[in-house]
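Each remark here refers to the structure printed beneath this line.
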Amino acid sequence: ARVNSVGEVGAPGRVPLTEVNTRLIDVIAAAGGPSGRTEDLVVRLSRSGDTRSVTLEQLYESARYNVIARPGDVLALERADRKFTVLGQSGSQTLRFDEQDVTLAEAISQAGGIQSPAADRRGVFLYRRAPRDAISALGADVSAMPGQEITTIFRFDFSQPTSIFAANAFDVADGDVLYISDSPNEEVSNAISLLTNFVPAPVEFSRDALFE
């Protein structure tokens, strides 16, 4: 029984599974360990046609991600290409970030900031596919929503001082979409509430969890 290890490891190739070499961190170690900085790498696990990812740093820090490897798995360490998309007030742009943690406040600043007075009641909305259990823990009713990840909208009203603190504590994740509105909140709410309910912020999620 073997696992294929590829990418940014010291010795890419097929790693045999043994009684003491069964979890992802063990496989990475048996493949020579990471060849780059921990904070720069993403772990991608492909199994039975499905691929999930997590940062290497998260893999080391959280036992929930260090799952048991299975024969035929492909474990890839890749340099992170983390990015988020900004839509709304000033057109659209895709921004990349190299740091492990980028807050919503920093992301908005990179996108050019919110360029209007508070009287415009501008809203900032962040779209993310978040783990089902995390959304449920916030009190949202997800019983009618299928899948282990729920498309979620986080809303920040920057006319309220608390949103400024929330934005400085809320980390942007790879693949997030920010929508910075220049419409009255009532119009925006009517348009996007058709997708899903709003949930409170700040909350930190991992966008892609590995197999449980």
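The values are calculated or read from the model by the stated rules, or taken from the named source; none is laboratory data. Please read all numbers here as calculations on a predicted model, not as lab measurements. No Cβ is skipped: glycine too gets one built from the backbone with ideal geometry, and neighbour counts run over all protein chains shown. Side chains are part of the model used for accessible areas, which takes the heavy atoms of the whole protein and leaves out ligands, DNA and RNA. Shrake-Rupley method; radii C 1.70, N 1.55, O 1.52, S 1.80 Å.
Below is a table of values for the structure above.
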{"read-out": "Hits in segment 16-55 (condition: in contact (Cβ under 8 Å) with a residue 24 or more places away in the chain and among the aliphatic types (A, V, I, L, M))", "value": "17, 24, 25, 27, 28, 30, 31, 41, 42, 43, 45, 54"}
{"read-out": "One residue from 57, 39, 106 being open to solvent by 40 Å² or more (accessible area, probe 1.4 Å), assigned to a helix (DSSP H, G or I) and closer than 23 Å to residue 133 by Cβ", "value": "57"}
{"read-out": "Residue 97 modelled with pLDDT under 85, in contact with a helix residue (DSSP H, G or I) (Cβ under 8 Å, 6 or more places away or on another chain) and closer than 27 Å to residue 178 by Cβ", "value": "yes"}
{"read-out": "Index of the failed condition, residue 86 passing every other in (1) open to solvent by 30 Å² or more (accessible area, probe 1.4 Å); (2) out of contact with any Gly (no Cβ under 6 Å at 6 or more places or on another chain)", "value": "(1)"}
{"read-out": "Residue check, residue 114 in contact (Cβ under 8 Å) with a residue 24 or more places away in the chain, over 22 Å from residue 129 (Cα atoms), surrounded by fewer than 14 Cβ atoms within 10 Å (Cβ to Cβ) and among the aliphatic types (A, V, I, L, M)", "value": "no"}
{"read-out": "Positions within segment 1-17 being out of contact with any helix residue (DSSP H, G or I) (no Cβ under 7 Å at 6 or more places or on another chain) and over 16 Å from residue 48 (Cα atoms), in sequence order", "value": "6, 7, 8, 10, 11, 12, 13, 14, 16, 17"}
